[in-house]
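Structure first, commentary second.
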2 protein chains.
Amino acid sequence: MRADAQRNRDRIVEVARALFRAKGFDAVSMDEVAKGAEVGPGTLYRHFPTKESLYDAVLEAWAEKVNAAVDRALSLDASAREQLLTWLTDYAAMLTEHKGAAARITAALGDPGSPFAAKCTTYVNANQRLIDGLDSALRPGVEAMQISRLVGGMAAVADNSELPAESVASMLAIVADGLLAP
Amino acid sequence: MRADAQRNRDRIVEVARALFRAKGFDAVSMDEVAKGAEVGPGTLYRHFPTKESLYDAVLEAWAEKVNAAVDRALSLDASAREQLLTWLTDYAAMLTEHKGAAARITAALGDPGSPFAAKCTTYVNANQRLIDGLDSALRPGVEAMQISRLVGGMAAVADNSELPAESVASMLAIVADGLLAP
DNA sequence: TGCCAAACGGAGAGTGTCTCCGTATAGTTC
DNA sequence: GAACTATACGGAGACACTCTCCGTTTGGCA
């Protein structure tokens, strides 16, 4: 890639990250990103053919934090319930870090054609590792995709309604108790 | 209201209901509704100043079914768990009856300025009646708004991903067990 | 320095929401 | 049943947004 192209690409992602985080996916227009990055719309679309692909690039670095969080929860010297709650809370917090991200990623779960498919796989795999780690403490038959959807749904609601952390925590506690073996 | 205006209004709502149900909120354009109802865009917007207000009118009749469903669940001669599951399943099914409705209504929970505020109140009240009816079988301190958000979130996920009923049921079972007293 | 593939950027096509305002008509009054 | 007026109609178009085409510019190499 030519140096000017690389510079422009970096600046676009940087501007887009700030805008998406502040205003949410829908409220940011591509023109706005182009103007902010001081490029023409044509240039923006050369780098990112769709708005989704731009969003995907913005979320790139961020997906790696998920695996770190599941490791952290599993390494805690605590009860299975506390480990589970720690993970769910971290997970929901990461999902709501960007406004609108939770709903978008959760909607893409199980859709291989989605531009966020890679991110979804990361999430589902993290939940699978959690299930393997917590082993028999969980309700028999619980699946990684179920946890992904349950927490993704909660995160989306929390994000949309801008719920305070304690409201999210109490809902996650309900989900966690439901996930633990009876 | 003049007779021709009433006729047009009725036809608009009827056409919009069919379109929204089939294609979901976002995929239906106002022009499409206007053409289907054989009126001009101006006429459509005279009756419904925003797309949301049209959606609200479409959902009008449908909100009444919620109270009937909670009565049905509470009158069942069954365990608290079965009553709860019956209600949650009905509730989620009603939310997903119109594509996109669950996410939209759940997002409006707790926002008095939303065009769907009246529908939200109906849902939260129904859950409150459930809590009162099930009494001590539920986890102490559980609130109607929490149940509304939990199930609304699940319904939104189910709706978005077009999940089969059994997938929804297994997630609702987890939520239900979390809601029941430990 | 000159070349040219790569990149740029703006005009504009296509689609959507919503408005303005001249025209048509329902319903009343004589 | 004719005239009148408040009410409603409907289409042209303003405005915003995503995305494309293509003439122009420029980075990097020989």
- Once both axes come from the Cα atoms, what is the angle between helix A:80-95 and the longest principal axis of chain A, in degrees from 0 to 90, rounded to 10? 20
- Measure up A:K23/B:K51; A:K51/B:K119; A:K35/A:K65 against 27 Å on the Cα-Cα distance and list the ones that go over. A:K51/B:K119; A:K35/A:K65
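Quick one: ranking A:V157, A:V124 by accessible area, 1.4 Å probe, largest first, what do you get? Please report the intermediate quantities before stating the final value.
On the way: A:V157 10, A:V124 30 Å².
Descending order: A:V124, A:V157.
Taking only protein heavy atoms and a 1.4 Å probe, what accessible area per residue, in Å², does the protein assembly as shown have with all protein chains in place? Each step should come with its number before you reach the end.
Values: 16390 Å² over 364 residues.
Ligands and nucleic acids excluded, the result is 45 Å² per residue.
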- Note on the structure: A convex hull over the alpha carbons of region B:3-58 yields, per residue, a volume in Å³ of 63
- Message: List, by residue number, every residue in region A:89-129 with a reduction of 50 Å² or greater in accessible area between the chain on its own and the complete protein assembly, 1.4 Å probe.
- Response: none
- Query: How many partner chain Cβ atoms sit within 10 Å of a residue's Cβ in peptide A:147-154, on average, as a whole number?
  - Reply: 6
- P(r) of region A:1-121 over all Cα-Cα pairs, 5 Å bins starting at 0, rounded to whole percent, reads 2, 11, 19, 19, 16, 13, 9, 6, 3, 2, 1
- Task: Could you please state how large a percent of the accessible area of chain A is carbon and sulfur, counting protein chains only and using a 1.4 Å probe?
- Result: 51
- Message: Given the DSSP H assignment, sum -39500 (n - 2.57) over each helix run of at least 4 residues in chain A and divide by its residue total; what's the result at 222 nm in deg cm²/dmol, nearest 500?
- Response: -22500 deg cm²/dmol
- Task: Would you mind computing, in nm to one decimal, how far apart the modelled labels at B:R81 and A:R72 are, each placed 7 Å from Cα along Cα→Cβ?
- Result: 3.5
- Taking the label point 7 Å from Cα along the Cα-Cβ vector, the copy-to-copy distances for B:R11, listed from shortest in nm with one decimal, are 5.5
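Return the value, in Å² to the nearest 100, of accessible area buried between chains A and B (probe 1.4 Å, both sides summed).
Chains A and B together bury roughly 1800 Å² of accessible area.
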- Provide a whole-number value for the mean count of partner chain Cβ atoms within 10 Å of the Cβ atoms in peptide A:166-174. 4
- Compute the label-point distances linking A:L74 to its equivalents in the other copies; points lie 7 Å from Cα along Cα→Cβ; give nm, one decimal, shortest first. 4.6
- Tell me, what is the percent relative contact order of chain A, built from C-alpha pairs under 8 Å that lie six or more residues apart? 23
- Task: Mind jotting down the three principal axis lengths of region A:61-179 based on Cα atoms? Whole angstrom, largest first.
- Result: 35, 31, 26
- Item | q = 0.07, 0.08, 0.12, 0.15 Å⁻¹, the protein assembly as shown: log10 I(q)/I(0) [Debye, one scatterer per Cα] | -0.35, -0.46, -0.96, -1.31
- Query: Sequence-distant or interchain residues sharing an amide H contact under 5 Å with B:L138, placed H: which?
  - Reply: B:A181
- Item | Calculated FRET value between B:A18 and B:Q128, using beta carbons and R₀ = 30 Å, to 0.05 | 0.35
- Task: Calculate the spin-label point distance for B:Y45 paired with B:D4, positioning each point 7 Å from the Cα along the beta-carbon direction, and give it in nanometres.
- Result: 2.0
- Message: I'd like the distance between the alpha-carbon centres of region A:51-101 and region A:10-40, rounded to an integer number of Å.
- Response: 24
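The values are calculated or read from the model by the stated rules, or taken from the named source; none is laboratory data. In this text the structure is predicted, and so the values were computed from the model without any measurement. With ideal geometry, Cβ positions are generated from the backbone for all residues, glycine too; neighbour counts draw on all protein chains shown. Heavy atoms of the whole protein, side chains included, go into the accessibility calculation; ligands, DNA and RNA do not. Shrake-Rupley method; radii C 1.70, N 1.55, O 1.52, S 1.80 Å.
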